[in-house]
There are 2 protein chains.
Amino acid sequence: MRANVPDIKYLFEPRSVAVIGASQDTTKLGFHVTDNIVSGGYQGSVYPINPRGGEICGRRAYKSIEDVDDEVDLVSIVVPAKFVYEAVQSCARKKAKFVSIITSGFAEVGNVEEEQKIVACARENGMRIQGPNIFGIYSCVSSLNATFSSGSPEPGSVAIITQSGALGLGMIGKTAIEHLGLSCIVSVGNKSDLDEADLLEYLIPQEQTKLIFMYIEGVQNGEKLIRVLSAATREKPVIVLKSGRSERGAIAAASHTGSLAGSDDVFDAIMRQCGVLRAECVKEGFDWCKFIANSPAPAGENTVIITNGGGIGVMATDASEKYSVSLYDDAAVLKEAFTAVTPDFGSTKNPVDITGQAGPKEYNLSLDTALKHPDMHAVMSLYCETAVFDAESLYTMIKENARKYRAGQKPLVFAAFGGRKSEDCIARCREQSIPVFNDVYEAVSCMGALYRYNKYRTNTSDSAASAKLDIPAIEAIARRAVQQNRFFLLANEAQTIMKIAGVEIPRSSVARNLDEAVRCSEDIGYPVVMKVVSKDIIHKSDAGGVALDLENRNEVIDAYQAIMHNCKAHNPSAFIEGVEIAEMVKPGTELIIGARRDATFGPIVMVGLGGIYVEVMKDVTFRSFPLDRREVMNMIKEIRSYPLLLGVRGEEKKDIDGVADMIIESC
Amino acid sequence: MRANVPDIKYLFEPRSVAVIGASQDTTKLGFHVTDNIVSGGYQGSVYPINPRGGEICGRRAYKSIEDVDDEVDLVSIVVPAKFVYEAVQSCARKKAKFVSIITSGFAEVGNVEEEQKIVACARENGMRIQGPNIFGIYSCVSSLNATFSSGSPEPGSVAIITQSGALGLGMIGKTAIEHLGLSCIVSVGNKSDLDEADLLEYLIPQEQTKLIFMYIEGVQNGEKLIRVLSAATREKPVIVLKSGRSERGAIAAASHTGSLAGSDDVFDAIMRQCGVLRAECVKEGFDWCKFIANSPAPAGENTVIITNGGGIGVMATDASEKYSVSLYDDAAVLKEAFTAVTPDFGSTKNPVDITGQAGPKEYNLSLDTALKHPDMHAVMSLYCETAVFDAESLYTMIKENARKYRAGQKPLVFAAFGGRKSEDCIARCREQSIPVFNDVYEAVSCMGALYRYNKYRTNTSDSAASAKLDIPAIEAIARRAVQQNRFFLLANEAQTIMKIAGVEIPRSSVARNLDEAVRCSEDIGYPVVMKVVSKDIIHKSDAGGVALDLENRNEVIDAYQAIMHNCKAHNPSAFIEGVEIAEMVKPGTELIIGARRDATFGPIVMVGLGGIYVEVMKDVTFRSFPLDRREVMNMIKEIRSYPLLLGVRGEEKKDIDGVADMIIESC
C-alpha cells in the first residue's frame, strides 16, 4: 500500500532538516554533513540526531528523531547500513517527508532485500527515499548543503542530477573552480525510490534553474523519463552525459551501480527526440553548460566568425561544419559591413580576418557591426595572441562585448589561443561567467549545441500522430498462432495484419488448383510470382516451391506443375493447400521498418536501409512512440542513405511520404 | 640555373646570424628579432644590419651585410616587402646560406612575381629561402631564437613546423605555459622554397627531437612529403594538424595562405598510410605531444584501468572503445592481482575499481602490481577527488609512479577529476612533464594515439609490391583514342587494357553476323548477354541495343534480330559492326577500384563499396603508390562494408585475395 506522497519541493526546500548519525568526530561523514548544513547558511531548523545527545556543530543534538518537537521535512541518514532500516522506521513514526540515505551497502553490492524493505516502509508511510548510496543534496534556493563534500558549490543557475556519487563530489569541486554556479546538485544513487524524472519535475518550473545537467549510467523507467524530459526541454535546455555507451562500458556500468545500459543507439535517438543535448564527456558537457546557461537564443542561423588569425579562422570553419553551425555567406553584405576594419591582406569573407594588426578598436568595431546587423545572428570571436593587445585591454574588450551581446540578445562566444596573456584573460572571464575557450573547437562546439537546442525548441510541436488500428483483430491472429504452439505467422496471417495496419503489400490471392491459379494471375496482371502454400513447408525456396517472373498463362501452367512436383518430392507427406499468386514487384530501394517494446523505453520504432546492408552498415535510426509526422520525417532524414530515397544517378525520387504514412498509420 | 644547395643544418645550427632590418626602436619587429637572438643566449656571432650603423642590442651594427667580415650562415630579413629583393641580392653577393624572410606582402596577397624573383635569385646563388610571411625560427640546439615572439619557448624535445605564423606565435605562448618543451619551432609561411619536407629531413636524425608536430593548411609537393614523412615516422612519432578539412574550411585556407587543400579524405588516408597521427584540433595535438614525447612504447596491447571512481571508470571504458585501446580482460589474473587492494564493494575486473576509500597506499600497491605483471602492458590511472588524499600525497603518488613506469618501460597516463586539489596537482605535474589530464577522454585519447603509432611502427615493412605492366601497349590505345578526338574508350579497347592489367572481366567476343553470334554464345556457354557494337551508338540501352540473360540458341536468334531492328530504327545512319556476346555474370557484391593522378599526391588508388551505394555512403578509402600487400589488405579492411566481403547472412566469403591481387597487379 502506498500512502499519499509529499510534494517534491520539500526535498529541495525543506523547512527543517534532521541528520541521523550526526557526529562531532571530524573524521566521520556524520560530522561533515551536519557541518555543511550549518556552515552553509541553511535558514531552516537543523536537528542533529545522535544517541549520546549533547551538542553538535553548535546545535542541540537529539537522542532520537522522535524527540524533535517540530515537523521534519528532510532527514539525512549517515549511519552504517545495518542501522538504516531502523532509522527509516523512526522517520516514518515521526512522519518525515523525505529521507536522504547517504549510506551505501545496499543493492549496489547485492543487498537488494534490505533496500526493498526500506522502500516498502517509506511507501506505506508516505515518505520518499533519495538514494541510498549517494552524497546527498545541495539546493541553492534554501542555502542547503546536505552533502559531505569538502568544498562548497558556487550558487548559480545550473542544476546537476548525478547517478554516480563519487563523480558528483568531483563535479562540486570542478564546477567551483570553473565558476559554474549551481542551483542544486543531487545524487540519485541506487534510485530505490526517487529517480531523475522525479527530480526533473521539480526543476522544470523552478525559476533559479536555467539549465539542467544529468549524469546517467542506466535508466529504469524509460517511458517516464521520456515524458518528463520532453516537458523539461520545452522550458530549459537539458544536457545528458550517459556513460556505458560502448558494450564494455555498459558491462562496467552494470557492475558499478547495477544499471542495465541497454542499446546506446536507442538511448541516443530518444535523447535527440526529447530535445536533449547529449555530451560525450564531462568537459564537453560543462563547456556547454557555461555557454548555454548564459546565452540568449539566436534569432536565426547566420553565424559570423571574426578572427585576427587566418589559421584559427580556418579551424573554426572546419569545426563549424562538424558541429553544424551555419556560417553567413552573403559576400556583398559581409564586404560592406567589414571593409572598414579589414586591411587589404585580410578578408571580409566569413571567417572575417581582421588580421594580426587588429587591436581592441578593430575588434570592438567589427563586433559592433555584427551586433547591429539584422542579418547576422550570432558571432564567434577568435583571438590568436599578438603583441597588439595588452592583457588588460583584451579582458576589457571581451567583457564589454559579452555584456553588449547579452543585452542585444545575440549569442557570442570567444576563443583565445596563446600563452600567459590569453590564459589569464580566460581565468578572469570565467569568474564573471563569460565563456571564453582556449581551443576554437570547444567554442564552436558550444555554439553548435546552442543551435541544436534552439532548433528543437522552435520546431517542436505537441501533436503526436496516431492511427486507429483494429487491435483486437491483430491480437486474435497472434492468439491463434500461440494456441497452435506457433512462434511464427503464416503468410496469409502476416498479410492480414499488414492490411489492418494499412501497410501496402503486393496484391496476391491463394489458388487451390491450376484453374484458380490461372484466373488469379490474370486478375492480378502479369508478371506474377507463385509460391506454394503449406503449413508443412516453411522454407519454400528450398523445396522448389517458388517461381518468379511468370509472364503469361503458359508459364503459369508450367510453374504450377513444377511446384507441385518439387514439393511432393521434397516432402511426400506435406499437405499442400494450394499456391499463392502475387504481383511481381520490381526491384527498388529496400527499407526496413521495425517496431518493438524496449525493456527500458517501451514502444520503439526503427527505420533504415534494408537488405543485406542493414546489418553491415547499421544505417538505422530509432524513435519512441508516440511521434508526429515531423519527427517521422526527421527520423527518415537521419539515415545516412537518405539521398537514395531522394534519387541518385538520375533515379526517381522514392515515395518518402508513403514511407512516413506507413510508419504513422501502422503505429 | 640552380647552384649547389647548402646543408639544411645551417638553418638550425648557424654559426653566425645577420638581421637585415635590425633596429633599436622597440616598436619594430627588427628590434624584437635581434633582441630575442641576443638575449636568448645564442652562442654564434650576431650581425645587426642597419644603414645607420651604430650599436643594436649591445652588438655592433653594420651598414650592409657585405661589410661583415665573416661567413654568414643565416640572414633574417625584416625590412618592408619592397626592399626585400634588394636585401636578398646583397645576401647572395655575401654568399649567405639561408635567408629567413619574415616580411609579408608576397604571394599571400597576390604579389607572386616579386616572390618568384627572390627565389630565382636565391637558387642561382646557392641560397635557400625560408618564408616569406613567417615569424622566423627557434632552434634549441643552438639556443637560437630568431623570431619576434614576445615570450621565449621552453627547451625540450618536440619540434613544431607550422604553416601559419600567427598560430605559431600562439603556440610558442601556449607550449610555454603548458611546459611542453620545444627542440625547435619553425614557420614555413608561403613555402616559396623550403617546405615542411625539407625541414623534416633535418629533424629525422636529430637527437634532441623526440617528436614532430606539424600544422599544415595545404600541401604543394605531396609526393615528396609522403616520402619524407614515411621515413620520419620510422624514427619518431609525427603528429599532423591539417585545417581546411571541411569544404568551406578549404576555401578559407585558400584565402589565408593561398593553399589548395585538396580532398581531405585522400589526405587523411595518406597520413594514415605514412604512420602519421592526425590531430583534429590544437588541444588534442598538444595533449598527444605531452604524453607520447615522454612515454616508453608499450610491449603489448593489454591496458589496465585503475580507478577510485566507478563513474569515471565507465567513461574511460567508453573512451577506450572510441580510441581503440584494448583493455586486458583475463578476469582470473585480474582478480588474483588486485584482490588485496580492492574492497568487496569494488571490482577487480578491468576497470579495476579500488573505490573511493583508496588512498596513496592502495594506488601505489595497484600500480606496482600492474607494473610488475608481465601480461599488463600499460596503465590508465584515474582519480576522482576524495577526502582520503591530501594534495601533497596525490602529487607525490603521481610523480613517483610516473618515474617508476618510465624506468620500467611501461606507458602510464593519469587523469584527475575534481576541484582545487586536482587542478593544483595537474599544474605541478605539468611542470615536471608528467602527463595528467582533467578529463578521462583526454587521457585515453593519448593512450590510443600512442598505440596507433606503435602498431604502425612495429608492422611497417619496406617492400612495396609492384607489377610489370605493358605500359606502351596501354599508351598506344589511349593515344589512338586521342588521335580520333575521342575522350572515351570503346568497349573492346577498355577490355584490352583490363587484360593487360591482369583484371579479370566477363568472357566475351564480337560477332559480325547472326551465325557468329550463335557460335560465340555456344563457345561462352549460356546464359549470355548481347550488346550492339557501333561507334555511332554510345548509349546502347537507350537504343534497344542490349539483351540480357539469353538462355539458348533461339533466344540468341530472337535477340539478334530485335537488336538490329531497334538500332536501325534508333539511328538509321549508324554503322553497326556487329554484336558483342558476353558471359552473363550473376549479381554479387559490387566493389569499385579506381586510380588517378592526384594534383598534390601523385598516383592514388581507391577501393570501396560499388554500385549506387558508393555515392551515398562514401564508403571508399585511398592510398598513395607504391603500396605493399599488407597495405592493400589494410585498405580493404578499412571500408565499412568489409563484413560484406567476409560474407554476411550465411553468404560465402568473397574473393578478397583476388581483389588484393587485382589492385597490386594493375598498379
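Could you look through the stretch B:234-252, keep only residues that are in contact with a strand residue (DSSP E or B) (Cβ under 9 Å, 6 or more places away or on another chain) and in a helix (DSSP H, G or I), and pick out the one that is nearest to B:LEU203 (Cα to Cα)?
Here is the first cut: in the stretch B:234-252, the ones in contact with a strand residue (DSSP E or B) (Cβ under 9 Å, 6 or more places away or on another chain) are B:236-244, B:248, B:252.
Now restrict to residues that are in a helix (DSSP H, G or I): B:248, B:252.
Values: B:ARG248: 33, B:ALA252: 30 Å.
Within the stretch B:234-252, the match that is nearest to B:LEU203 (Cα to Cα) is B:ALA252.
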Which condition breaks for B:ILE576 when tested against (1) outside the structural domain of B:ILE524 (by TED's automatic domain parsing); (2) closer than 25 Å to B:LEU548 by Cβ; (3) in contact with a strand residue (DSSP E or B) (Cβ under 9 Å, 6 or more places away or on another chain)?
(1)
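Just a yes or no: is a residue in the stretch A:183-199 within 14 Å of another protein chain (Cβ to nearest Cβ) and of a type in the set (S, T, N, Q)?
Step one: list which residues in the stretch A:183-199 are within 14 Å of another protein chain (Cβ to nearest Cβ), which gives A:185, A:187-190.
If we keep only those that are of a type in the set (S, T, N, Q) too, we end up with A:187, A:190.
The answer is yes, given that some residue of the stretch A:183-199 is within 14 Å of another protein chain (Cβ to nearest Cβ) and of a type in the set (S, T, N, Q).
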Hey, among B:LYS399, B:LYS421, which residue is assigned by TED's automatic domain parsing to the domain that holds B:GLU301, over 21 Å from B:THR342 (Cβ atoms) and either hydroxyl-bearing (Ser, Thr, Tyr) or modelled with pLDDT of 95 or more (or both)?
B:LYS399
What are the residues in the stretch B:92-102 that are in contact (Cβ under 8 Å) with a residue 40 or more places away in the chain and assigned to a loop (DSSP other than H, G, I, E, B), if any?
B:ALA96, B:LYS97, B:ILE102
Considering residues that are at pLDDT 90 or above, part of a helix (DSSP H, G or I) and not β-branched (Val, Ile, Thr), the number found within the stretch B:341-391 is 12
Of the conditions (1) at pLDDT below 95; (2) within 13 Å of chain A (Cβ to nearest Cβ), B:LEU241 satisfies every one except a single condition; which number is it?
(1)
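Got a sec? Which of A:PRO587, A:PRO603 is assigned to a loop (DSSP other than H, G, I, E, B) and of a type outside the set (Val, Ile, Thr)? Steps first, answer last, please.
Values: A:PRO603 fails: assigned to a loop (DSSP other than H, G, I, E, B).
Every option except A:PRO587 fails the conditions.
Condition check: charged (D, E, K, R), in contact with a strand residue (DSSP E or B) (Cβ under 8 Å, 6 or more places away or on another chain) and either open to solvent by less than 10 Å² (accessible area, probe 1.4 Å) or away from chain B (no Cβ under 14 Å) (or both). Does A:LYS399 satisfy that? Full working, then the answer.
Numbers: charged (D, E, K, R): yes; in contact with a strand residue (DSSP E or B) (Cβ under 8 Å, 6 or more places away or on another chain): no; either open to solvent by less than 10 Å² (accessible area, probe 1.4 Å) or away from chain B (no Cβ under 14 Å) (or both): yes.
No; evaluated as a whole, the condition is false for this residue.
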Could you tell me whether A:ARG406 is assigned to a helix (DSSP H, G or I), in contact (Cβ under 8 Å) with a residue 40 or more places away in the chain, more than 12 Å from chain B (Cβ to nearest Cβ) and open to solvent by 40 Å² or more (accessible area, probe 1.4 Å)?
yes
Of the residues in the stretch A:192-216, how many are open to solvent by less than 10 Å² (accessible area, probe 1.4 Å), within 15 Å of A:ASN133 (Cβ to Cβ) and in a loop (DSSP other than H, G, I, E, B)?
1
So which residues in the stretch B:409-449 are at positive phi and either open to solvent by less than 10 Å² (accessible area, probe 1.4 Å) or within 14 Å of chain A (Cβ to nearest Cβ) (or both)?
B:GLY418
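Taking the conditions exactly as written (more than 37 Å from the chain's Cα centre (by Cα) and assigned by TED's automatic domain parsing to the domain that holds A:GLU442), does A:ALA416 satisfy them or not? First the steps, then the outcome.
Numbers: more than 37 Å from the chain's Cα centre (by Cα): no; assigned by TED's automatic domain parsing to the domain that holds A:GLU442: yes.
No, not satisfied.
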How many residues does the stretch B:316-340 hold that are open to solvent by 10 Å² or more (accessible area, probe 1.4 Å), in a helix (DSSP H, G or I) and either more than 7 Å from chain A (Cβ to nearest Cβ) or at positive phi (or both)?
9
Taking A:VAL518 as the residue in question, decide whether it is within 30 Å of A:GLY658 (Cβ to Cβ), in contact (Cβ under 8 Å) with a residue 24 or more places away in the chain and among the aliphatic types (A, V, I, L, M).
no
For the stretch B:152-165, state whether one or more residues are open to solvent by 10 Å² or more (accessible area, probe 1.4 Å), free of Cβ contacts under 8 Å to residues at least 12 places away in the same chain, assigned to a helix (DSSP H, G or I) and within 12 Å of another protein chain (Cβ to nearest Cβ).
no
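Quick one: would you say B:PHE31 is of a type in the set (Phe, Trp, Tyr), touching a Ser or Thr at 6+ places or on another chain (Cβ under 8 Å), open to solvent by 30 Å² or more (accessible area, probe 1.4 Å) and within 18 Å of B:SER152 (Cβ to Cβ)? Working first, answer last.
Values: of a type in the set (Phe, Trp, Tyr): yes; touching a Ser or Thr at 6+ places or on another chain (Cβ under 8 Å): yes; open to solvent by 30 Å² or more (accessible area, probe 1.4 Å): yes; within 18 Å of B:SER152 (Cβ to Cβ): yes.
Yes.
Answer with yes or no whether B:SER23 is in the same structural domain as B:ALA122 (by TED's automatic domain parsing), without any contact (Cβ under 8 Å) to a residue 60 or more places away in the chain, open to solvent by 20 Å² or more (accessible area, probe 1.4 Å) and of a type in the set (Gly, Ala, Ser). I'd like the intermediate steps shown before the answer.
Values: in the same structural domain as B:ALA122 (by TED's automatic domain parsing): yes; without any contact (Cβ under 8 Å) to a residue 60 or more places away in the chain: yes; open to solvent by 20 Å² or more (accessible area, probe 1.4 Å): no; of a type in the set (Gly, Ala, Ser): yes.
In short, no.
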I need the full set of residues from the stretch B:352-396 which are open to solvent by 70 Å² or more (accessible area, probe 1.4 Å) and either over 19 Å from B:ALA340 (Cα atoms) or not assigned by TED's automatic domain parsing to the domain that holds B:VAL444 (or both), in order please.
B:ALA387, B:ASP390, B:GLU392
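Is it true that B:GLY170 is more than 11 Å from chain A (Cβ to nearest Cβ), within 30 Å of B:ASN438 (Cα to Cα) and in contact with an Asp or Glu (Cβ under 9 Å, 6 or more places away or on another chain)? I'd like the intermediate steps shown before the answer.
Details: more than 11 Å from chain A (Cβ to nearest Cβ): no; within 30 Å of B:ASN438 (Cα to Cα): yes; in contact with an Asp or Glu (Cβ under 9 Å, 6 or more places away or on another chain): yes.
Judged against the criteria, B:GLY170 is not a match.
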Closer than 25 Å to B:ALA316 by Cβ and more than 9 Å from chain B (Cβ to nearest Cβ) - does that describe any residue in the stretch A:289-302?
yes
Looking only at residues in the stretch B:569-617 that are at pLDDT 85 or above and within 14 Å of another protein chain (Cβ to nearest Cβ), which one is surrounded by the most Cβ atoms within 10 Å (Cβ to Cβ)?
B:GLY608
Filter the stretch B:103-135 down to residues that are over 27 Å from the mean Cα position of the chain (by Cα), open to solvent by less than 40 Å² (accessible area, probe 1.4 Å) and within 13 Å of chain A (Cβ to nearest Cβ), then give me how many there are.
3
Among residues belonging to the stretch A:636-667 that are open to solvent by less than 40 Å² (accessible area, probe 1.4 Å) and assigned to a loop (DSSP other than H, G, I, E, B), point out the one that is modelled with the highest pLDDT.
A:ILE639
Selection within the stretch B:621-643 - within 14 Å of chain A (Cβ to nearest Cβ) and more than 14 Å from B:ALA660 (Cα to Cα):
B:ARG640, B:SER641, B:PRO643
Members of the stretch B:136-151 that are more than 26 Å from the chain's Cα centre (by Cα) and either within 11 Å of chain A (Cβ to nearest Cβ) or farther than 21 Å from B:GLY21 by Cα (or both):
B:VAL141, B:SER142, B:SER143, B:PHE148, B:SER149, B:SER150, B:GLY151
Mind checking whether some residue in the stretch A:233-247 is open to solvent by 10 Å² or more (accessible area, probe 1.4 Å), closer than 24 Å to B:ILE354 by Cα and touching a residue at least 12 places away in the same chain (Cβ under 8 Å)?
yes
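The values are calculated or read from the model by the stated rules, or taken from the named source; none is laboratory data. Just so it is clear, the model here is predicted, and its values are computed rather than measured. So basically every Cβ, Gly included, is an ideal-geometry build from the backbone, and we count neighbours across all protein chains shown. Ligands, DNA and RNA are excluded from the accessible area calculation, which covers all protein heavy atoms including side chains. Shrake-Rupley method; radii C 1.70, N 1.55, O 1.52, S 1.80 Å.
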